[in-house]
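Input: a single structure, listed below in structure tokens.
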Amino acid sequence: MIESPLLQNITGYAGGQWQQAAAETFDVDNPATGAVIAKVPFVTEQQVHDAIAAAKKAEKLTAPYPLETRRKWLEDIRDALTANRAEMGRILCLEHGKPLNEAQGEVDYAAGFFDYCAKNIEVLSPRNLNQKPKGCSWTVHFRPVGVVGLITPWNFPIGMIAKKLSAALAAGCPSVIKPASATPLTMVALFTLMDKYVDLPAGMVNLVMGKASMIGKVLSESPDVPMLSFTGSTEVGRQLIIDSAYSVKKLALELGGNAPFIVFDDADLDAAVDNLVANKFRGSGQTCVCANRIFAHEKIVDSFSQKLAERVRKMTVGDGINGDVDLGPLINRDGYNKVKRHLENALEQGATLVAGKKPSELNDDDLFFPPTVITGVTPQMVCSREETFGPLVPIASFSDENDVIAAGNDTEFGLASYVFTADVKRAQRVAAGLRFGHVGWNTGTGPTPEAPFGGMKMSGTGREGGEEGLFEFTEAQTVPRGF
């Protein structure tokens, strides 16, 4: 079992207090070893209602928490994360499996969202119109939307909640937070830090852990929760839309991805390979923004594939806690089997393996999947149609700019995309043509606290990060004043 000063209380949290643990528990596994590292109590339905009630008590709509008070909350959380990055990263590594340095880097990334919101919170101040329409002076206020439900996935246990909670606290919104059951311990550690180091009003942050269907339904149906922010699968996002339809909730949804990574013949191939490796293999490929479909121009597809294969063959896979590996394990058996199925399907349909192992050579006794590169990929293959969520790099060739834009857009998703070319006008045309909320030009970088991030099409609605993210948990209220 895991031991940590940040995990003295592994229970829910409501109204400024750790909740009484229920008898029924679920296991948290270390995917690198298969060992159970914690048993976490399921919250009861009543405890979810209690958490909502505690948040409702903390709600202040008629006299919102002062801006400077909210700024102090954000700064204190930032400082607590920074001071405890080593232990937070260790906990994250053990329950997720990503390499230790990558896990600690995620803690820094999370702290960055609290830092950005603290430094830019003034944008939420009331704004006076310069004009005087209809003979009135006009003020636009950005009011807190109220109690918010924040539901996060397992692949970024601290990064995803930081995006949501920083903006929610900046707006003055109390929250009820539901982490993924595969990785709840990092969230418990965050609540330990907030309980100890941050002077938050009782009920301002509340933690519920356990059955996603029950918790999601209670949050969706509660009239006291006017907004939900969810990161996860499109399937679950659709269900939240249905469940919350009657109460007409505000929804912020970051859903699935199927990112194209397009390399033209004039691109710097070494830089493209470097960026693809950094992009694709972060979290062992288990991110919604990592490249899922690679398109290389027919003139350079062979040289690009070989350069990539040379890099991939040097990568190491192992237990992330050792800190000297490039990739950790996949999160569970279902995730492993999905990557293997995508590889099998592609090879059966004519793809060529240029790095990695054949399916028959894989060790199915653990969750370590080697980084794998295949070429000759076609649109009919499963890896082109579905998000693989693993370290499989499928490369297809193209010859025409318009055709590759169409191929990149040939998905219901629209979260992240990438284009590599030295031609400025071409880059501008391709970026404009790609229906994705994020288009990296000559970079494989993902989101940053300073810029808005979110999806188009079935990848969701709303934005996190940047000024746009700061406004996400507010409602604009216009107040004209007559003379």
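The values are calculated or read from the model by the stated rules, or taken from the named source; none is laboratory data. Computed from a predicted structure; not experimentally measured. All Cβ positions, glycine included, derive from the backbone under ideal geometry; neighbour counts span all protein chains shown. In case anyone asks, the SASA skips ligands and DNA or RNA and just uses the protein heavy atoms, side chains included. Shrake-Rupley method; radii C 1.70, N 1.55, O 1.52, S 1.80 Å.
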Order Asp324, Asp365 by their accessible area, 1.4 angstrom probe, all chains in place, largest first.
Asp365, Asp324
Would you please report the Å³ per residue occupied by the convex hull of the alpha carbon atoms in the chain?
150
Sequence neighbours fewer than 8 away in the same chain don't count; with that in mind, list the lysines whose C-alpha is under 25 Å from Lys357.
Lys98, Lys280, Lys307, Lys314, Lys338, Lys340
On C-alpha positions alone, give me the angle between the axis of helix 45-58 and the longest principal axis of the chain, in degrees, nearest 10.
60
Restricting to Cα pairs under 8 Å and 6 or more apart, the percent relative contact order of the range 260-441 works out to 29
Using helices alone, what [θ] at 222 nm do you get for the chain, with -39,500 (n - 2.57) per DSSP H run of 4 or more residues, divided over all residues and rounded to the nearest 500?
-11500 deg cm²/dmol
For Lys72, which lysines qualify as cross-link partners when the Cα separation must be under 23 Å and same-chain residues fewer than eight apart are set aside?
Lys56, Lys57, Lys60, Lys119, Lys163, Lys164, Lys196
Determine the principal axes of the Cα atoms in the range 176-320, then give the extent along each, sorted from largest to smallest and rounded to whole angstroms.
59, 38, 25
Measure off 7 Å from each Cα along the Cα-to-Cβ vector at Asn402 and Lys196, then give the distance between these two points in nanometres to one decimal.
6.2
Once both labels are modelled 7 Å past Cα along the beta-carbon direction, what's the Asp365-Thr69 spacing in nm?
5.9
By how many degrees, between 0 and 90 and to the nearest 10, does the Cα long axis of helix 301-313 differ from the longest principal axis of the chain?
70
Roughly how much of Trp138 is accessible, in Å² to the nearest 10, using a 1.4 Å probe?
60
Can you tell me which aspartates and glutamates have their Cα less than 14 Å from the Cα of Lys358? Leave out same-chain residues fewer than eight positions away.
Glu344, Glu348
Length gained, Lys56-Ala86, 0.36 nm per residue minus C-alpha separation, equals 7.4 nm
What accessible area per residue comes out for the chain, rounded to a whole number of Å², with a 1.4 Å probe?
40
Could you grab the relative contact order for the chain? Cα pairs under 8 Å, six or more apart, rounded to a whole percent.
19
Within the chain, what whole-number % of the accessible surface is contributed by carbon and sulfur, with the 1.4 Å probe and all protein chains included in the calculation?
50
The chain: angle of helix 185-197 to the longest principal axis, Cα-based, in degrees nearest 10:
40
